[in-house]
Each structure stands twice: as structure tokens, then as C-alpha cells.
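Report on one structure; see the data block that follows.
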Amino acid sequence: MPENILDFLFDPLVSRSIAALIGFLVIGLLARWLQRWLTRHIQNQRTISSVGQVIRFLSYLAAVLLVFTIFSGQLPGLTVTLGVAGAGIAFALQEVIASLAGWIAISFGQFYAIGDRVQLGGIRGDVIQIGVLRTTLMEIGEWVRADQYNGRVVRISNAFVFKEPVFNYSEEISFIWDEISIPVRYGSEHRLAREIMLQAADAVFGASIERVKREWDVMRQKYPLEHASVEPRVFLIANDNWMQIALRYPVDAKHRRTVHDELFMYILDAIAETEGRVALASATFELAAAPALDVRLHSGHKAD
């Protein structure tokens, strides 16, 4: 009986299988230890999630390589069969392979990270999970007419990074440029209207302008960009109906609607205090002259 057990244990296939199981156990324990180490020593949740995905992928890859290494002595006879089967599997799973390649590009190419506001494949939202095959977004917009959540969770194949542009509202700098405009009636004090717009910008986000300047300076050192002004600016355009006064300003992409509300509240209150010196315009239609009407009445009876 002991000899049978020893013969069983020393059988090449059994011993290699045991070695593979031990290897799987070591890989799993090492991956778990690395995950716990990340949780203890890294505070940024986005970094923990991204590195955790990489650790899991490397664990699976190490397990596959371990199997091929341990059982390599029994594989030469199956080389042709495995090659044909591998080609067929690669063709059938080309989308999966593209998604996996996309995940590698996302992880190491810094396309986006968890928490970024992006547009992928025509879908806009905040990245809430980056999986090996799919990226999950909390969608914004659609029937909600603003950059706010609509409650729909969207999963997009990672292969999209190779097929369509990736728009990232949060990478490199924490702001985007935005504009609002108001129509001012002709005859109003347009210089006062411009001053009201600038005062509104200063009241709403004047304290953050210095931070925005620092971020833009870093951006210009990294890329060959022109010296664009990040301070709020006002532009006036005169058309047939009114004077269009536009305010251009930097804003966090996730706070656009809130900033719009605060700006318009300030502007409307300030215009009301001008007592008519600044008046908002609206679309009106004036009938300059009515055409003359020639009305003739004819009797419907004919003489006998």
C-alpha cells in the first residue's frame, strides 16, 4: 500500500499537478498580500483600483505561464494542434482580445482613471470602474439637460480606445473653459453690463483663479501651447437685434450647472439694481406697415 501511494505521488503527471497547485497557492497569496499592502500604504482610491487591476491581470498571466512551464515536457506533441486551436480561438475572441489590449493601454497609457469625466463612444459620464474588458460609466446628460447624472450606468468595451477619440475632461488640468451670454438691449450702458459680468465671475470663482493659473503654467511647460488667458474675459458682439455679451471663464467640468446658476443669479440681481441703465433684450417682431386692403362687395343677384 505505501509503495502504491509513493508510485502515485511520484507519477510525473501527479507530481506536476501538485507543483501547479502549490504554484497557484503562492501566486494567490502573493497577490492578496500586495492588495493589502496597497490598501495600507496608498491613500488614493483611484490608484489602488488601477494598480489592483494590474495585479490581478499579472496573477492570471503568471498562473498561465506556470502551467505551460510545468507541463512543457508533454506539450511538444500538441504544438500543431494547439497552434491551430489558438488561431481559431484568437479569431473568435478578437473583440475580447482587443478589449484586453485596450485595458492595458488604459492602465499604462493614462487615457483616463476612476473618477475622471470622459466621453467614450459618444457616451459621457464619470468613470466608476475600469475592468479588464469593460469600462463602467455613470452617465450624464441625455434627457437631463445638463452635465449631471441621469442615473443610468453604461458599460463600454475597452476596445473603444483604439476605434474612437477619448475625451477626458479631467486629465492634466482640473478645469475646462465655458461661456455664458446675455442679450442686452440697444441703448443700455454696455460698459456697465460688461462690468457686471466680470463682477459676477469674480464673486463666483475669483478665489480659484490662482490655482487655475498654476495648473495652466504646468500644462504649458509640458506641451507647446499658446499663452491663453485663464482669467474671466468678456466679449461683446452686436447683431441686428441686441448686443450679445459673453463671459468666458474656467470651471470644473463637474460643476458647470451650479456655476451657471450662481452666475445668472448674480447677473440678474445686479441688472435689477441698475434701474433700467442695463436692460435685457428679447426677440420681438415689429410689423412696420400693413399693406392696403381693397375690399369690394358685389351683389349676388343678377337683373332679369
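The values are calculated or read from the model by the stated rules, or taken from the named source; none is laboratory data. The structure displayed is predicted, hence computed values, not measured ones. Ideal geometry is used to build each Cβ from the backbone, glycine not excepted, and the neighbour counts take in all protein chains shown.
When the residues of region 224-279 are narrowed to those that are small (Gly, Ala, Ser) and touching a Ser or Thr at 6+ places or on another chain (Cβ under 7 Å), which ends up nearest to residue 173 (Cα to Cα)?
Within region 224-279, the first condition is being small (Gly, Ala, Ser), and the residues that meet it are 228-229, 238, 246, 253, 270, 272, 276, 279.
If we keep only those that are touching a Ser or Thr at 6+ places or on another chain (Cβ under 7 Å) as well, we get 246, 253, 279.
On the way: 246: 23, 253: 10, 279: 37 Å.
Among residues in region 224-279 that are small (Gly, Ala, Ser) and touching a Ser or Thr at 6+ places or on another chain (Cβ under 7 Å), the one nearest to residue 173 (Cα to Cα) is 253.
Under the condition of being in contact (Cβ under 8 Å) with a residue 24 or more places away in the chain and among the acidic types (Asp, Glu), which residue from region 173-225 is surrounded by the most Cβ atoms within 10 Å (Cβ to Cβ)?
Among those residues, the one meeting the criterion is 178.
When you check residue 241 against the structure, is it among the polar types (S, T, N, Q), within 28 Å of residue 122 (Cβ to Cβ) and in contact with a Phe, Trp or Tyr (Cβ under 9 Å, 6 or more places away or on another chain), yes or no? Don't jump to the end; show me each part of the working.
Values: among the polar types (S, T, N, Q): yes; within 28 Å of residue 122 (Cβ to Cβ): no; in contact with a Phe, Trp or Tyr (Cβ under 9 Å, 6 or more places away or on another chain): yes.
Spelling it out, it is not the case that residue 241 is among the polar types (S, T, N, Q), within 28 Å of residue 122 (Cβ to Cβ) and in contact with a Phe, Trp or Tyr (Cβ under 9 Å, 6 or more places away or on another chain).
Do any helices (runs of 4 or more DSSP H) entirely within region 1-77 hold 2 or more residues that are modelled with pLDDT under 65 and under 22 Å from residue 103 (Cβ atoms), and if so, which? Steps first, answer last, please.
Numbers: elements: 2-9, 12-41, 45-70.
Here the list reads 45-70.
Test residue 155 against the criterion of being loosely packed, with under 14 Cβ neighbours inside 10 Å, in a helix (DSSP H, G or I) and among the basic types (Lys, Arg), and give yes or no. Lay out the reasoning, then the answer.
Numbers: loosely packed, with under 14 Cβ neighbours inside 10 Å: yes; in a helix (DSSP H, G or I): no; among the basic types (Lys, Arg): yes.
It is false that residue 155 is loosely packed, with under 14 Cβ neighbours inside 10 Å, in a helix (DSSP H, G or I) and among the basic types (Lys, Arg).
Anything in region 126-180 that is of a type in the set (Asp, Glu) and more than 30 Å from residue 245 (Cβ to Cβ)? List them, or say none.
Answer for region 126-180, where residues must be of a type in the set (Asp, Glu) and more than 30 Å from residue 245 (Cβ to Cβ): 126, 139, 142, 164, 171, 172.
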